[in-house]
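Read through the structure below, which is laid out as structure tokens, and then see the notes.
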Ligand SMILES: *Cc1c(COP(=O)(O)O)cnc(C)c1O
């Protein structure tokens, strides 16, 4: 049942401000102006959050072709939006949710809701895998479980097409579950676990549990599946008298299903199923042939979380056996369980050959997943264009023709420049002459083998390549063929952690304060282009690099944000002009040079130089104009107002992180304000004043001025931060064990025999990282350590150029090929830096460029 834009005022309790020129049924809900795919039937909800306001992007959306808008604050004039429809509502998020709830009410089939602290996404994905042969399932993409994720997920439910919905619900504050419950209106549910996550938003764990269980206290709710081994959960479900089916591994009383587990040597687990006591009778009547026939199943996992998640799914499958129309042969249940595979939820970005980047998403391929992956691709602006290598799309319920019409529309809407299709269906639908799909550069193959036979890495230059394939196409082979060869050491950069840290600082900014992010020194070791590209997407206002070459490299990769250069040599001024890079000018001599260059550029007809940032020395005693030099500076600026446009006035704090120097810091700020005022008086116009670095943002909120300069905090470390736990580590340096030796007592290790002999036998592992990779030689002889299987292994002997040895006597399970964490989660750069008397900045920026960067995000 289609909903039209004209229905919205009545549906959402809003006012129609302007009717669109054409009457269309709503197809897609848009929330992010950066992710516009199809515009036909797309309605934009202008959401307002602490750090963003969708209303700012109405004009840009209109320019992209969006014609339907739901707003709380309409633009002053609707004249520029002549063809668009506008509905005004008091609260756009509430309106979005109300629309989704209305859409949900048209669906009569069962809807499963999954909540709990851990495992929601895995249980959802697995349940969908297990039921896929029998049902047409609509499920939340990835982990869309929030106040906006749930409405978007539920909107995808198609009454004529789907037979089952499976949605995740996640909350972090009181009151949120009630809203999600009204949107999902589950008929069935799974409660995974109760953990400690998000305790901050609740008065007690009990309160959090009550709120979560509220999801299932809905009219029409039929069954909750949960594990009775968590006593608080068990008690709360019973107190609420929810219709429920509990399972237990520890003979909890009142559980209908008893599972007894036996781990096998092959990494699998055998589950013996028994029916429980009185309660079981309600769910599993005595005559339960399917259960009786097979009371034993094997799960393809041994680790605790996977087993727990799989047991939730098994409980659901066993319950479905009660319905003769849905019952499966026990052998079929077993077959499906064995095919469960770990869910890779991360889209990995990897360096490819010939300047390419690979977005590796080879775990599934349905329309919702394709659309998300294309979003990620379209955010990349690399000069070589956007290539998509796509397998057949496995989606039930749509006719092949309709399915590929949608695929084609998505591909075109996301600016894909080249398509390589693999599979008979995609070749048939998009690769044949009569298809309406036209992409100048597209090729099709019947199979992955045929693609691999013709694949030449040299065919790809400086482009971003999304590799998206259903599992059975084995696209990991395509990734391997296009990936840069690597040695065992990688720096894994978590882009989600980076975004989290960015938001942490952004929340500390006053409204209107701009954010400059330092991406100097290869973005503190993380990789300049990838980080810059994320920052551009996240709408930072400015970037800063140390040298003009770094700025040029960002421009060459399509970065268009304003860029400041901290240390531009006089011979780089032409480069600054060509690449629109704004210099930091810190001395009269440089200012004279710049003036000279500006005159020459005008004379040659090359156009003006970019505006500059004046660096003032207020106490750092490094670079900058001191107060004594101010009169000379003012005179020069006054004489050449037009030739020397000033974008910013800045200073750098010497000890913003250290409370014992706060008086000095305050003095620096006072001096800065005084000097900046004098300069602005001469300029006759205001410039962006900026002083704070990461520690300053946190500690001197009153000195944010017009802009702040975020550095090391973005990368997850900040020297001396009291609230360091609010930051997430961004970089994990990993290496592998090349070989393990068992050394008898009395043996020395390595160069100069500096790994002294011990009185006992020991196991020593050689790792594939050395000082040429940036692993500091000061870590020699027990000063450094690495994490192996979660345990610490100290360095033995001297760090070599490409290798280092560690003692793994206490890590008996260590084997050649295992991954060792050199720094990252569980072993912080702060701790390691302290051990060798340096600071985290040095460890981060020392990781040499030969170490491959891998970028991951959920
Ligand atoms: C590096 C740098 C920053 C950022 O400092 P962090 O301590 O990393 O936050 C800010 N301003 C200038 C001038 C810098 O050189």
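Tabulated results
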read-out	value
Exclusive hit being closer than 21 Å to residue 669 by Cβ, over 37 Å from the mean Cα position of the chain (by Cα) and not in a loop (DSSP other than H, G, I, E, B), set 595, 634, 591	634
Of all residues making up the stretch 352-375, the number that are at pLDDT 80 or above and either under 19 Å from residue 478 (Cα atoms) or buried (at least 23 other Cβ atoms within 10 Å of the Cβ) (or both)	13
Any hit, the stretch 838-856, residues being buried (at least 16 other Cβ atoms within 10 Å of the Cβ), within 16 Å of the ligand (Cβ to nearest atom), without any contact (Cβ under 8 Å) to a residue 40 or more places away in the chain and within 30 Å of the chain's Cα centre (by Cα)	no
Candidates 828, 798 - the one that is surrounded by fewer than 18 Cβ atoms within 10 Å (Cβ to Cβ) and in contact (Cβ under 8 Å) with a residue 40 or more places away in the chain	828
Test: residue in the stretch 748-763 that is away from the ligand (no atom under 14 Å from the Cβ), free of Cβ contacts under 8 Å to residues at least 40 places away in the same chain, surrounded by 15 or more Cβ atoms within 10 Å (Cβ to Cβ) and not assigned by TED's automatic domain parsing to the domain that holds residue 631	yes
Test: residue in the stretch 715-723 that is more than 13 Å from the ligand (Cβ to nearest atom), surrounded by fewer than 22 Cβ atoms within 10 Å (Cβ to Cβ) and modelled with pLDDT of 95 or more	no
Residue match in the stretch 662-673 (condition: within 12 Å of the ligand (Cβ to nearest atom), within 26 Å of residue 629 (Cβ to Cβ) and free of Cβ contacts under 8 Å to residues at least 40 places away in the same chain)	no
Residue check for residue 7: closer than 30 Å to residue 514 by Cβ and either modelled with pLDDT under 95 or assigned to a helix (DSSP H, G or I) (or both)	no
Per-region count, the stretch 641-658, residues in contact (Cβ under 8 Å) with a residue 40 or more places away in the chain and surrounded by fewer than 16 Cβ atoms within 10 Å (Cβ to Cβ)	2
Test: residue in the stretch 474-494 that is farther than 20 Å from residue 377 by Cα, outside any loop (DSSP other than H, G, I, E, B), touching a residue at least 24 places away in the same chain (Cβ under 8 Å) and within 16 Å of the ligand (Cβ to nearest atom)	no
Residue check for residue 459: under 30 Å from residue 406 (Cβ atoms) and free of Cβ contacts under 8 Å to residues at least 60 places away in the same chain	yes
Exclusive hit being farther than 24 Å from residue 135 by Cα and modelled with pLDDT of 90 or more, set 199, 229	229
Looking only at the stretch 535-559, and only at residues there that are over 23 Å from residue 774 (Cβ atoms) and assigned to a helix (DSSP H, G or I), the one that is farthest from the ligand (Cβ to nearest atom)	556
Test for residue 775: is it closer than 22 Å to residue 853 by Cα and either surrounded by fewer than 20 Cβ atoms within 10 Å (Cβ to Cβ) or touching a helix residue (DSSP H, G or I) at 6+ places or on another chain (Cβ under 9 Å) (or both)	yes
Given (1) surrounded by 17 or more Cβ atoms within 10 Å (Cβ to Cβ); (2) part of a loop (DSSP other than H, G, I, E, B); (3) without any contact (Cβ under 8 Å) to a residue 24 or more places away in the chain, index of the condition residue 810 fails	(1)
Where residue 415 falls short, out of the listed (1) closer than 21 Å to residue 535 by Cβ; (2) assigned to a helix (DSSP H, G or I)	(2)
Any hit, the stretch 302-310, residues being in contact with a strand residue (DSSP E or B) (Cβ under 6 Å, 6 or more places away or on another chain) and modelled with pLDDT of 85 or more	yes
Test: residue in the stretch 451-472 that is surrounded by 18 or more Cβ atoms within 10 Å (Cβ to Cβ), modelled with pLDDT under 90 and within 16 Å of the ligand (Cβ to nearest atom)	no
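Yes/no matrix, rows are residues, columns are (1) more than 15 Å from the ligand (Cβ to nearest atom); (2) under 29 Å from the mean Cα position of the chain (by Cα); (3) in a helix (DSSP H, G or I); (4) crowded, with 21+ Cβ neighbours inside 10 Å:
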site	(1), (2), (3), (4)
686	yes, no, no, no
692	no, yes, no, yes
697	no, yes, yes, yes
702	yes, no, yes, no
708	no, yes, no, yes
725	yes, yes, yes, no
728	yes, yes, no, no
735	yes, yes, no, yes
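Residues are listed down the side, and each one gets a yes or a no for (1) within 13 Å of the ligand (Cβ to nearest atom); (2) assigned by TED's automatic domain parsing to the domain that holds residue 644; (3) free of Cβ contacts under 8 Å to residues at least 24 places away in the same chain:
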{"site": "525", "(1), (2), (3)": "yes, no, no"}
{"site": "564", "(1), (2), (3)": "yes, yes, no"}
{"site": "572", "(1), (2), (3)": "no, yes, no"}
{"site": "586", "(1), (2), (3)": "yes, yes, no"}
{"site": "592", "(1), (2), (3)": "no, yes, no"}
{"site": "595", "(1), (2), (3)": "no, yes, no"}
{"site": "604", "(1), (2), (3)": "no, yes, yes"}
{"site": "610", "(1), (2), (3)": "no, yes, no"}
{"site": "625", "(1), (2), (3)": "no, yes, no"}
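Matching residues to (1) under 21 Å from residue 299 (Cα atoms); (2) assigned by TED's automatic domain parsing to the domain that holds residue 214:
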position: 100; (1), (2): no, no
position: 112; (1), (2): no, yes
position: 126; (1), (2): yes, yes
position: 129; (1), (2): yes, yes
position: 134; (1), (2): yes, yes
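The values are calculated or read from the model by the stated rules, or taken from the named source; none is laboratory data. Treat the numbers as computed from the prediction; the structure is a model and nothing was measured. Glycine gets a Cβ as well: all are built from the backbone with ideal geometry, and neighbour counts include every protein chain shown.
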